[in-house]
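Chemist: Quick one: the structure is below, and I'll ask about it shortly.
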Amino acid sequence: MSAGGLASVVAAELDKLRTLPGPVLAVVGTTVVGALIAAAQAGAAADQGLPVTALDSTLRTVPFVVAGLVLVGVLPVSQEHAGRQVATTLTAVPRRGLLVAGKSVAAICAVGLTAVSVLGACLAASAVTQHLLDAPAATGDAGAGPLLGAAAFLVVIGVFSHAVALVVRHLVPALVGVLALVLVVSPLLAGATEHARWLPDRAASAWYDAGPSTLDGPTATLVALAWVAVVGVLGSWRFLTRDA
């Protein structure tokens, strides 16, 4: 697998993503919704006279935009397998290993761009809202660490969703499966047992919202990346061995 060949496939996949309405709408919609929720969080804090920073409001918004990152991860693969587009893609790039690697790199780029766009919009919306409402100033500075952790968390969720889509291939089961895990199963288990922290979203959340119920930093990183790697390998194997 040459670097030049991989770069060409990645560029082609990114160009394809740009022309698909579903992923583009998911990126734009997630960014807009995230900004509105962050502004509402900042406004509510200002109304109560609570001194919070724009970063605080942004981090509190992260759980509400997870579904958007899931969409960005799932839609490209599932839409391609919904018709015969995947057969056309394989005709253009018959080397399946190269193709699945290019798709995965393109997915990482797409979810990374989405995470940066969403968090940037949330920060801006929070700061503007606080300025307009003359919110009380918050003391202390958490630095860029939690923000980078939130970005990494959203990227992991998006890439994990992409890996699940490679395994399942179809939109509804992939989308429902990941959303059920992140939005239903994970919160329910977290309230019932400490073992929920070994789930991918709970492990990755330690990067921006560490607490007594989360794994420590190195362990959280290993667990989150292990989930992505295992599901990604399974999805790649299916793509390499099964019919289009």
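Chemist: Roll a 1.4 Å probe over the protein chains and send me the accessible area per residue for region 1-71 in Å².
Modeler: The answer is 46 Å² per residue.
Chemist: Please report, in debye to the nearest 20, how large the charge dipole of the chain is about its Cα centre when each Lys and Arg carries +1 at its beta carbon and each Asp and Glu carries -1 there.
Modeler: Magnitude of the dipole: close to 1020 debye.
Chemist: In percent, what relative contact order does region 164-244 have, based on Cα pairs under 8 Å that are 6 or more apart in sequence?
Modeler: Relative contact order for region 164-244 comes out at 34 percent.
Chemist: In percent, how large is the relative contact order of the chain, given Cα pairs closer than 8 Å and 6 or more residues apart?
Modeler: Contact order relative to length: 26 percent.
Chemist: Test of understanding: what is the full-extension gain from ALA124 to VAL32, defined as 0.36 nm times their sequence separation minus their Cα-Cα distance?
Modeler: Net length gain for the segment: 32.0 nm.
Chemist: Filter the DSSP H helices in the chain by two things, a Kyte-Doolittle mean of at least 0.5 and an axial alpha-carbon span of 18 angstrom or more, and list the hits by number.
Modeler: Span-like helices, by this rule, are 3-19, 21-47, 54-82, 96-132, 145-168, 217-241.
Chemist: In square angstrom, what is the accessible area per residue of region 176-242 with a 1.4 angstrom probe?
Modeler: Solvent-accessible surface per residue comes out at 56 Å².
Chemist: Probe radius 1.4 Å, ligands and nucleic acids ignored: give me the carbon and sulfur share of the accessible area of the chain as a rounded percent.
Modeler: After summing per-atom areas, the C and S share lands at 70 percent.
Chemist: Okay, next question. Report the label-to-label distance for TRP237 and THR91 in nanometres (one decimal), using points 7 Å from each Cα along the Cα→Cβ vector.
Modeler: So the two model labels end up 3.1 nm from each other.
Chemist: If the label point is 7 Å along Cα→Cβ of VAL185, which residues in region 222-244 have backbone nitrogen under 14 Å from it?
Modeler: 227-228, 231
Chemist: Further question on the same structure: For the charge dipole of the chain, defined by +1 on Lys and Arg C-beta atoms and -1 on Asp and Glu C-beta atoms about the Cα centroid, which residue among PRO94, ALA11, SER57 has the Cα displaced farthest towards the positive pole?
Modeler: So the residue we want is PRO94.
Chemist: Rank GLN130, GLN85, GLN41 by mean-square fluctuation in a GNM of the chain with C-alpha springs under 10 angstrom and give only the top-ranked residue.
Modeler: Ranking GLN130, GLN85, GLN41 by mean-square fluctuation puts GLN85 first.
Chemist: While we're looking at this one, here's another question. From the residues VAL164, PHE153, ALA203, which one has its Cα farthest along the dipole of the chain in the positive direction, the dipole being from +1 and -1 charges on Cβ of Lys/Arg and Asp/Glu about the Cα centre?
Modeler: VAL164
Chemist: Report the extension gain between VAL116 and LEU50 in nm, rounded to one decimal, defined as 0.36 nm multiplied by the number of residues separating them, less their alpha carbon distance.
Modeler: 21.1 nm
Chemist: Decide, for region 152-193, between rounded, prolate and oblate: order the square roots of the alpha carbon gyration tensor eigenvalues as a ≥ b ≥ c, take rounded if a/c falls under 1.5, and otherwise choose prolate if a/b is larger than b/c, else oblate.
Modeler: Oblate shape, in that a/c is at least 1.5 and b/c is the bigger or equal ratio.
The values are calculated or read from the model by the stated rules, or taken from the named source; none is laboratory data. Here the structure is a predicted model, which is why all the values come from computation and not from measurement. Positions of Cβ are backbone-derived with ideal geometry, glycine not excepted, and every protein chain shown enters the neighbour counts. Surface accessibility is based on the protein's heavy atoms, side chains included, excluding ligands, DNA and RNA. Shrake-Rupley method; radii C 1.70, N 1.55, O 1.52, S 1.80 Å.
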